[in-house]
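S.K.: Mind having a look at this structure? Questions to follow.
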Amino acid sequence: MKRIGIAISGGPNPAEIVDLVVLAESLGYESVWVAEGHGGDQFAILAACAMRTSRIRLGTSISSVFVRTAPTIAMAASTVADLSGGRFILGLGSSHKAQVEPEHGVAYGKPLTRTRETVAFVRDLIRDGQARIDGDTIRISNFDLWYAPKHRDIPVYLSAVFAKGIALCGEVANGIILTRSTVHTAAQVRAQLTEAAQRVGRDPAKIEMTSLLPTSVGETREGALAALRPGIAFYMGFFPRYNRMMAEHGFPAEAADVAEAWARGDKEAAERAVSDALIDATTASGTPEQCRARLDAYRQSGMDLPIISPFARGPDAKARFEASIRACAPGL
């Protein structure tokens, strides 16, 4: 059966997400990845999913290393791993300064260093039951768990966009979580992962490459693309990192136009600047048949695990997620 995951980021409420995960498991999806942002608590949702499922892997995509302390991350990860019988994957990342500081009131600095130090501390604490760290961004004199974790080797996947983050994945992670990739991304990233892994004596073949792929399924290609356009404009306008990524994907004019329109508060102009070609290149969108063909193209490009990431807000969000899950199911 073809490998595929499903990512849920906003839209459905927590109870609806659990229902969607149960559906995804029944249709053969191998993993579900829950974001947080302004949605429900991702670890609580995944714990509920663990109680309603038996096979599907459960991951965070991602949990920010800034808005939770390292011990809190470790305890949450160990909890879901225990409740799921070892099916949990801890997806970590630095998030964005544009979110961390104004929305959480936490200073944002040295994101790669903080990510590296968080990974080291979390692994030590879960493995040994106690840990300390005197790092550049994290200083914890001692923390001990009041229970013995049943699963002491939890896979850690890291999000990455650019070369330094990809190199960090190659050095310390079990997997990489990319986003908004093109069919050219896998080969480039695999080479970077290999170089970094070999530099520290790791086997690069053991690092799983995944990518979140914005997904929109519609009766027509035009309708599906239109449904994604507002979300893409937001990501390119609000997050400088994603704007730069789209430029490097081969869309510098669109990236510049979106950034300029967003800066002056003209969201409609920002949306108009998002071309069909850009959406086609960085998503899995169109009719059900077109979406499945696109996912196959990502697999053939070298992506180990494509992860569909539907975009839906409003009262019909659950139904729209369900439609995408059914349309892209691996058995079709």
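The values are calculated or read from the model by the stated rules, or taken from the named source; none is laboratory data. Everything quoted here is computed from the prediction, not taken from an experiment. Every residue, glycine as well, gets a Cβ built from its backbone with ideal geometry; the counts of neighbours run over all protein chains shown.
For (1) assigned by TED's automatic domain parsing to the domain that holds Gln300; (2) surrounded by 21 or more Cβ atoms within 10 Å (Cβ to Cβ); (3) part of a loop (DSSP other than H, G, I, E, B); (4) among the aliphatic types (A, V, I, L, M), each residue gets a yes or a no:
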| residue | (1), (2), (3), (4) |
| --- | --- |
| Thr137 | yes, no, yes, no |
| Trp146 | yes, no, yes, no |
| Leu158 | yes, yes, no, yes |
| Ala233 | no, yes, no, yes |
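S.K.: Out of all the residues in region 178-198, which are under 15 Å from Leu112 (Cα atoms) and outside any helix (DSSP H, G or I)?
M.R.: Result: no residue meets the conditions.
S.K.: Tell me which of these Gly165 doesn't satisfy, since it passes every other one: (1) part of a helix (DSSP H, G or I); (2) out of contact with any helix residue (DSSP H, G or I) (no Cβ under 9 Å at 6 or more places or on another chain).
M.R.: (2)
S.K.: Take the residues in region 198-213 that are closer than 16 Å to Pro155 by Cα and touching a helix residue (DSSP H, G or I) at 6+ places or on another chain (Cβ under 8 Å); name whichever of them is surrounded by the fewest Cβ atoms within 10 Å (Cβ to Cβ).
M.R.: Among residues in region 198-213 that are closer than 16 Å to Pro155 by Cα and touching a helix residue (DSSP H, G or I) at 6+ places or on another chain (Cβ under 8 Å), the one surrounded by the fewest Cβ atoms within 10 Å (Cβ to Cβ) is Asp203.
This table checks each residue for (1) closer than 24 Å to Gly302 by Cα; (2) free of Cβ contacts under 8 Å to residues at least 40 places away in the same chain.
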{"site": "Ile6", "(1), (2)": "yes, no"}
{"site": "Leu20", "(1), (2)": "no, no"}
{"site": "Ala24", "(1), (2)": "yes, no"}
{"site": "Gly40", "(1), (2)": "no, yes"}
{"site": "Ala48", "(1), (2)": "no, yes"}
{"site": "Val67", "(1), (2)": "no, yes"}
{"site": "Thr72", "(1), (2)": "no, yes"}
{"site": "Leu92", "(1), (2)": "yes, no"}
